[in-house]
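Enquirer: Can you read through this structure? Questions will come right after.
The values are calculated or read from the model by the stated rules, or taken from the named source; none is laboratory data. Keep in mind that what you see is a predicted model, and the values were worked out from it rather than measured. No Cβ is skipped: glycine too gets one built from the backbone with ideal geometry, and neighbour counts run over all protein chains shown.
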Amino acid sequence: MTNPIETKSAAIVAFPLTRRIGKIRAVATNLAGKNGSAAEAYWKQSVATIANQMDRNGVDQDEIRQELREFFHAVQREMVRMAGENRETGGAA
């Protein structure tokens, strides 16, 4: 007779990147102040740092990639929000 209970595993991300609002805002703010290669270098450094931390904590590579994609979109949304806020208050976009 087979055991009806199957063992399944799941990855648990204790602090999903999309919930780290302070980190999202900090990266968006820093990116907004940079252009071209400086912005690209900052983004790559930020992503590499986050990926290395997640890897050291044992997060699966596929999960790291998924988290970073979601983080990218969260940063983009924050930059759009910041740009809209600056337009409404008369600040620089």
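Enquirer: Test residue 74 against the criterion of being within 19 Å of residue 32 (Cβ to Cβ), of a type in the set (A, V, I, L, M) and at pLDDT below 95, and give yes or no.
Expert: When the stated conditions are applied, residue 74 does not pass them.
Enquirer: Residue under question is residue 50, and the condition is that it be within 14 Å of the chain's Cα centre (by Cα), at pLDDT 95 or above, over 23 Å from residue 84 (Cβ atoms) and assigned to a helix (DSSP H, G or I); does it hold? Show your work before the answer.
Expert: Working: within 14 Å of the chain's Cα centre (by Cα): yes; at pLDDT 95 or above: yes; over 23 Å from residue 84 (Cβ atoms): yes; assigned to a helix (DSSP H, G or I): yes.
Yes: the conditions hold for residue 50.
Results for (1) in contact with a Lys or Arg (Cβ under 9 Å, 6 or more places away or on another chain); (2) assigned to a helix (DSSP H, G or I); (3) aliphatic (A, V, I, L, M), shown as yes or no for each residue.
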| position | (1), (2), (3) |
| --- | --- |
| 26 | no, yes, yes |
| 31 | no, yes, yes |
| 41 | yes, yes, yes |
| 45 | no, yes, no |
| 55 | no, yes, no |
| 67 | no, yes, no |
| 73 | no, yes, no |
| 77 | no, yes, no |
| 80 | no, yes, yes |
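Enquirer: I'd like to know if segment 57-65 contains one or more residues that are assigned to a helix (DSSP H, G or I), touching a residue at least 12 places away in the same chain (Cβ under 8 Å) and under 14 Å from residue 25 (Cα atoms).
Expert: no
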